[in-house]
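A short worksheet on the structure shown next.
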Amino acid sequence: MKTSWPWSLCLVVALNAGIWLFNVGDGLSPWRPTSAELFAWGANSASAVVQYHEYWRLLSAPVLHAGVVHLLINMTALWVVGRQVCPWLGNGAVLLICGGSALVGSAASLHAASRYAVSVGASGAVFGLVGALLVGLVVRPGLRRAPLLAGLAGMLVLVVALALTGRGGDHAAHAGGLVGGAAMAWLLSGRTRMRSLSALGLLALMVGGLVAGASPGVDHHRTLDAQLALDALQPRREQAERALRADVEAARLGQLSDAELAQAMAQRHIPAFQALVEGLFQVRLRGSLPGVSDLQEHYAIREEMMVMEVGQVRGTLDPGYARQRMAELRQRLQTVRARLDQATAESTPSR
């Protein structure tokens with residue numbers, strides 16, 4: 001037995017928990033942080049690493065977590081499995097396996113999940129320790145099998161628990177961590193004096209090869225910048241909607257005449273909706289977000305409908321043309337709203 005106190009695991013758990021606490025203290029949501037928040041802190045992204053050469057994300061992503069449940073599951077799994085590896089390989093090897101398999105997992109993710117969504121979590125390191133356990137079962141016949149098998153069973157339970165939380169798993173990172181951890185454990189379990197250098201050399205080859213072969217996917221810099229701009233526009237959208245509803249309701253109750261409602265539309269509501277259309281156009285320039293073009297069209301149609309209503313009240317439009325155009329606008333608005341409702345339904349996760 002190489003060690004009785006797993007200080008390496010204590011260090012890794014403390015590092016992850018400390019970073020999470022620091023994130024939360026700085027304003028990160030403790031339950032469901034957004035992709036934009038995680039990306040700002042260093043989440044993994046194929047476009048950011050390959051296109052913008054932000055290689056540091058391969059190291060920062062494994063110590064970030066998408067909420068306290070994600071953190072607790074990963075740290076518990078790491079402790080359960082790591083407790084079986086430490087007595088065999090020792091604390092130094094466990095640190096190398098955790099760090100190395102996390103890097104390999106991040107690099108492998110560049111070819112799958114991180115091409116489309118930002119990725120965070122220490123599961124690459126956890127699966128690296130699982131790989132080390134599997135190697136231990138093969139290369140060390142004298143090892144006690146019961147604790148190792150118990151560690152693997154505990155890991156399986158925790159993986160199922162993570163799946164039940166409804167979070168999508170980064171399977172490429174899991175596979176990369178598993179292979180990287182197994183390969184390093186096999187080298188570190190040898191009897192040569194150069195085993196640590198051999199493990200580091202293999203790690204460099206694996207990570208370098210995976211990064212070199214990756215291609216950028218979704219440009220998260222542009223996409224998440226557009227999402228932040230859209231979020232910043234939300235208060236103005238809500239304010240414009242509330243103000244228009246209040247005046248329409250006042251007119252329905254007889255508190256405003258048709259002329260007064262038309263004047264309110266001309267002076268306040270039409271300019272407000274014009275500003276929303278322009279703001280949404282600027283969001284589209286920042287990056288491609290699903291639904292933004294429909295949202296822009298939605299406000300543009302409603303703006304034109306108000307212009308038509310003002311023209312009818314003031315007698316500046318031909319009544320026949322006004323009726324025909326309003327019918328066309330209502331049909332277009334119904335179609336756009338159907339697309340927006342469908343997009344909202346598809347973006348709501350089922351549980």
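For the range 273-322, compute Rh as the Kirkwood radius over C-alpha pairs and then the Stokes-Einstein diffusion coefficient at 20 °C and 1.002 mPa s; write the answer in µm²/s, rounded to an integer. Spell out each step's value before the answer.
Values: Rh = 12.1 Å.
It comes out at roughly 178 µm²/s.
Any idea how far the Cα center of the range 254-284 sits from the one of the range 1-62, in Å?
Cα centroid to Cα centroid, the span is 45 Å.
At 18 angstrom or more along the helix axis (alpha-carbon based) and mean Kyte-Doolittle of 0.5 or higher, what helices does the chain contain? Whole DSSP H runs only. Walk me through the intermediate numbers first.
Details: long enough: 7-25 (26 Å, 1.62); 68-89 (30 Å, 1.26); 91-109 (27 Å, 1.39); 123-139 (24 Å, 2.36); 145-164 (29 Å, 2.16); 171-188 (25 Å, 1.08); 195-212 (25 Å, 1.73); 220-252 (46 Å, -0.90); 270-286 (24 Å, 0.71); 292-314 (33 Å, -0.29); 319-347 (42 Å, -1.05).
What comes out of the filter, once short or polar helices are dropped, is 7-25, 68-89, 91-109, 123-139, 145-164, 171-188, 195-212, 270-286.
Where does each of 109-117, 233-241, 181-189 land if you order them by average Cβ count within 10 Å, highest first? Don't skip to the answer; put the middle values down first.
Details: 109-117: 22.7, 233-241: 13.7, 181-189: 24.3.
Per-residue Cβ counts within 10 Å, averaged per peptide and sorted highest first, yield 181-189, 109-117, 233-241.
What number, in nm² with one decimal, is the all-direction average of the projected area of the convex hull of the alpha-carbon atoms of the range 159-300?
On the way: hull surface 56.9 nm².
With the hull built on Cα positions only, its mean projection is 14.2 nm².
Taking all protein chains as present, what is the carbon and sulfur share of the accessible area of the range 217-265, in % to the nearest whole number, probe 1.4 Å?
On the way: 1480 of 2870 Å².
C and S fraction of accessible area: 52 percent.
If you wrap the range 39-150's Cα atoms in a convex hull and average its projection over all directions, what's the area in nm²?
For the Cα atoms of the range 39-150, the hull's average projected area reads 7.4 nm².
Once the piece of chain linking residue 10 and residue 200 is laid out straight, how much longer is it, given 0.36 nm per residue of separation minus the C-alpha distance between them? Each step should come with its number before you reach the end.
Working: separation 190, 0.36 × 190 = 68.40 nm, distance 2.25 nm.
Roughly 66.1 nm would be gained on extension.
How long, wide and thick is the range 174-258, going by the Cα atoms along their three principal axes, in whole angstroms, largest first?
92, 22, 16
Taking only the C-alpha atoms, wrap a convex hull around the range 181-220 and report its volume per residue in Å³ as a whole number. Don't jump to the answer; show the numbers that get you there.
Values: hull volume 2.9 nm³, N = 40.
Residue-normalised Cα hull volume stands at 71 Å³.
Once fully extended, how much extra length lies between residue 318 and residue 138, figured as 0.36 nm per residue of separation less the alpha-carbon to alpha-carbon distance?
Values: separation 180, 0.36 × 180 = 64.80 nm, distance 8.68 nm.
Between residue 318 and residue 138, full extension yields 56.1 nm more.
Given the chain reduced to its alpha-carbon atoms as identical point scatterers, what log10 I(q)/I(0) does the Debye formula return at q = 0.09 Å⁻¹?
-0.62
Name the residues of the range 60-93 whose amide N is less than 15 Å from a point 7 angstrom out from the Cα of residue 24 along the C-beta direction?
Residues passing the 15 Å test: 64-76.
Let me see the pair-distance distribution of the range 237-314: every alpha carbon pair, 5 Å bin width, integer percents in order.
3, 16, 24, 22, 15, 9, 6, 3, 1
Please compute the contact order of the chain in relative form: average sequence separation of alpha-carbon pairs under 8 Å and at least six residues apart, divided by the residue count, as a percent.
Numbers: 491 pairs, mean separation 58.3, N = 351.
About 17 percent, as a whole number.
The values are calculated or read from the model by the stated rules, or taken from the named source; none is laboratory data. Since we're looking at a predicted model, the values are computed, not measured. Virtual Cβ from ideal backbone geometry, glycine too; neighbours counted across all protein chains shown. Note: areas computed on protein heavy atoms with side chains; ligands, DNA, RNA excluded. Shrake-Rupley method; radii C 1.70, N 1.55, O 1.52, S 1.80 Å.
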